[in-house]
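What follows is a short report on a single structure.
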Amino acid sequence: METKLVLHSQFPIGEVSPLIFGGFLEHLGRSIYTGVYDPDSAHADGEGMRQDVIEALRELEMTIVRYPGGNFASGYHWRDGVGPRESRPTVRELAWQSLEPNTFGTDEFVNLCRKVGWQPMIAVNLGTGSPEEARDWVEYCNSPIGTRYADERAANGSADPFDVPIWCLGNEMDGPWQLGHVPADQYGIRAQQAAKMMKDCDRSIATVACGSSGSQMPTFLEWDRQVLEHLGDLADYVSLHRYVGNRDGNSVDYLAISNSIDRQIEAVDACTRLVAEQRRASSRAWLCFDEWNVWYRARGQGGGRGTIAPPLLEERYNLEDALVVAMFLMSFIRHADCVKIANLAQLVNVIGPVMTRGDELFKQTIFHAFRMISSRKTGVSLRGAVVGPRYTSERYGEVAYLDHAAMLDGDRLHVFAVNRSLDEDLRLSVELDRSIAKVVDAEILHAELQAENDFDAPDRVSSAPFDGWLVQGSAEAVLPPHSFTATTFALR
């Protein structure tokens, strides 16, 4: 198969936000306890953080991490997780039916962010919590000393403010499974009250309104519209969530799922633009895709059964899942004009790119796909014209065999390419209105479609250098079936 990708520097989509390369850390299963935080581990530092996990996560070059949930957020009271550890309560956690010891809380999370170089992002409790409780958390994190909660932070060891810049106004409040779920108009009022007080406490913060928790929801878009109308200028972003999987074992169909991801983004973007125009507003809410991943095998039936850090949602990923993770990120890049934040859910053990067992760890297939793009994260997204063969998916419609994204970064061009074909090579030609001089670096992710990594074979699926490019002003390469390639070219 021959395919041509035609790019032009005068057809930009927008600057790619570094915040689309984010993650998510929830008090769920073994994500935190025995994940990032494990004082009993041989790898623990003096504060209980696992250095081996931190070093692995550093490789992903994530920019922002959302905390403490997720469904957990709607029953979480932040004051349970601050102060001396010996006085923090162990509580029954209802979202995942676990016990929460609260030995990891706000201060520990911010400290972890500083260790790894993440920007902290906090989701407040608008399920069972109050707008005033949300405001108090902003004061604890962001206010200078001299008031009640800022002084409490200082007494807990942090005289300087944490300066948390982005705050989520609850989580998935459109879902009947959510603690405190209410209809859109009632959530809109609650979120408006919270956002007003939170911004009055710190006018520099940005807020993320709860959008629809998935395009499958019966209230999809209508929920988003009502919420944004209630919040007006108090909503800087609106959230999108999406989990996908190959439930039918139909890989041809599964690898066309980027069509559906694109449609979801474009539908919510249209909704935000509509509300902004109706309000005659000078600004609009941007898109924050703050939960996304492959998740369909380990669904966690039965919950945590009243235990601390039970093994929940421990999905194992294969190569085709890694290709889909690459497709998510490429879609965000192609929609750089509206998608400004995104958070891979999650980081460790729980549907995560890193898995631990005792003092061991391995990197899942999706780890490599994410890193291959996040290590090339800067630039302006370019519109690409794909000339080549296509196929029709049962569920997602017609797609090109090539899925792609491209970013112009000064005198460099980053090109990301997935060959969706299960059995045919794809001969790709990349053309730009500027001359391509040489390959700076290139790598490929390719293995058997169902191949997974595990503790016994941690490198069964991993990226490898790719030397298949021929550069003569344009660039040509043969991409093997079901593969992902990430390349940086130098331009003349």
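The values are calculated or read from the model by the stated rules, or taken from the named source; none is laboratory data. Bear in mind the structure is a predicted one, so any value in this text is a computation, not a measurement. In this analysis, Cβ positions are derived from the backbone assuming ideal geometry, glycine residues included, and neighbour counts consider all displayed protein chains. These area figures cover heavy atoms from the full protein model, side chains too; ligands, DNA and RNA do not enter into them. Shrake-Rupley method; radii C 1.70, N 1.55, O 1.52, S 1.80 Å.
Figures for the structure shown
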| quantity | calculated |
| --- | --- |
| Candidate set from region 160-219 (those that are among the basic types (Lys, Arg), farther than 26 Å from Glu93 by Cβ and touching a Leu at 6+ places or on another chain (Cβ under 9 Å)); member that is least open to solvent (accessible area, probe 1.4 Å) | Lys199 |
| Whichever residue in region 177-232 is part of a loop (DSSP other than H, G, I, E, B) and of a type in the set (Gly, Ala, Ser) and, among such residues, is nearest to Tyr396 (Cα to Cα) | Ser215 |
| Among residues of region 349-368, those that are more than 13 Å from the chain's Cα centre (by Cα) and within 16 Å of Ala464 (Cα to Cα), counted | 4 |
| Given (1) open to solvent by 30 Å² or more (accessible area, probe 1.4 Å); (2) part of a strand (DSSP E or B); (3) in contact (Cβ under 8 Å) with a residue 24 or more places away in the chain, number of the condition Phe362 does not satisfy | (1) |
| Filter result (open to solvent by less than 40 Å² (accessible area, probe 1.4 Å) and either in contact with a Pro (Cβ under 9 Å, 6 or more places away or on another chain) or within 17 Å of Asp411 (Cα to Cα) (or both)) within region 381-394 | Ser381, Leu382 |
| Pairs, first open to solvent by 10 Å² or more (accessible area, probe 1.4 Å) and assigned to a loop (DSSP other than H, G, I, E, B) in region 328-351, second modelled with pLDDT of 95 or more and of a type in the set (A, V, I, L, M, F, W, C), C-beta under 8 Å, six or more apart | His335/Ile13; His335/Ile265; His335/Leu287; Asp337/Ile13 |
| Some residue of region 8-19 being crowded, with 18+ Cβ neighbours inside 10 Å, of a type in the set (Asp, Glu) and at pLDDT 95 or above | no |
| Enumeration of residues in region 395-416 that are out of contact with any Phe, Trp or Tyr (no Cβ under 8 Å at 6 or more places or on another chain) and either open to solvent by 20 Å² or more (accessible area, probe 1.4 Å) or β-branched (Val, Ile, Thr) (or both) | Arg395, Tyr396, Gly397, Leu408, Asp409, Gly410, Asp411 |
| Where a residue in region 245-256 is on the phi > 0 side of the Ramachandran plot and of a type in the set (Lys, Arg) and its partner, wherever it lies, is assigned to a loop (DSSP other than H, G, I, E, B) and open to solvent by less than 20 Å² (accessible area, probe 1.4 Å), with Cβ under 8 Å and at least six apart | none |
| In region 140-159, the residues that are assigned to a helix (DSSP H, G or I) and open to solvent by less than 60 Å² (accessible area, probe 1.4 Å) | Tyr140, Cys141, Asn142, Tyr149, Ala150, Glu152, Arg153, Ala154 |
| Some residue of region 65-72 being assigned to a loop (DSSP other than H, G, I, E, B), under 24 Å from Gly170 (Cβ atoms), modelled with pLDDT of 95 or more and in contact with a helix residue (DSSP H, G or I) (Cβ under 6 Å, 6 or more places away or on another chain) | no |
| Single residue of region 454-464 satisfying the filter (out of contact with any helix residue (DSSP H, G or I) (no Cβ under 6 Å at 6 or more places or on another chain), in a loop (DSSP other than H, G, I, E, B) and not basic (Lys, Arg)) that is most open to solvent (accessible area, probe 1.4 Å) | Asp456 |
| Scope region 117-130; condition open to solvent by 20 Å² or more (accessible area, probe 1.4 Å) and not in a loop (DSSP other than H, G, I, E, B); matching residues | Gln119 |
| Set Asn111, Asn142, Asn102, Asn125: member being free of Cβ contacts under 8 Å to residues at least 24 places away in the same chain and in contact with a Ser or Thr (Cβ under 9 Å, 6 or more places away or on another chain) | Asn102 |
| Single match in Gly23, Gly29 (criterion: open to solvent by less than 20 Å² (accessible area, probe 1.4 Å), in contact (Cβ under 8 Å) with a residue 60 or more places away in the chain and at positive phi) | Gly29 |
| Check on Asp52, under 26 Å from Asp359 (Cβ atoms), of a type in the set (Asp, Glu) and open to solvent by 20 Å² or more (accessible area, probe 1.4 Å) | yes |
| Yes/no for Leu274 being in a helix (DSSP H, G or I) and open to solvent by less than 20 Å² (accessible area, probe 1.4 Å) | no |
| Selected residue (only one of Gly180, Gly249 is at pLDDT 95 or above, in contact with a Ser or Thr (Cβ under 9 Å, 6 or more places away or on another chain) and not acidic (Asp, Glu)) | Gly180 |
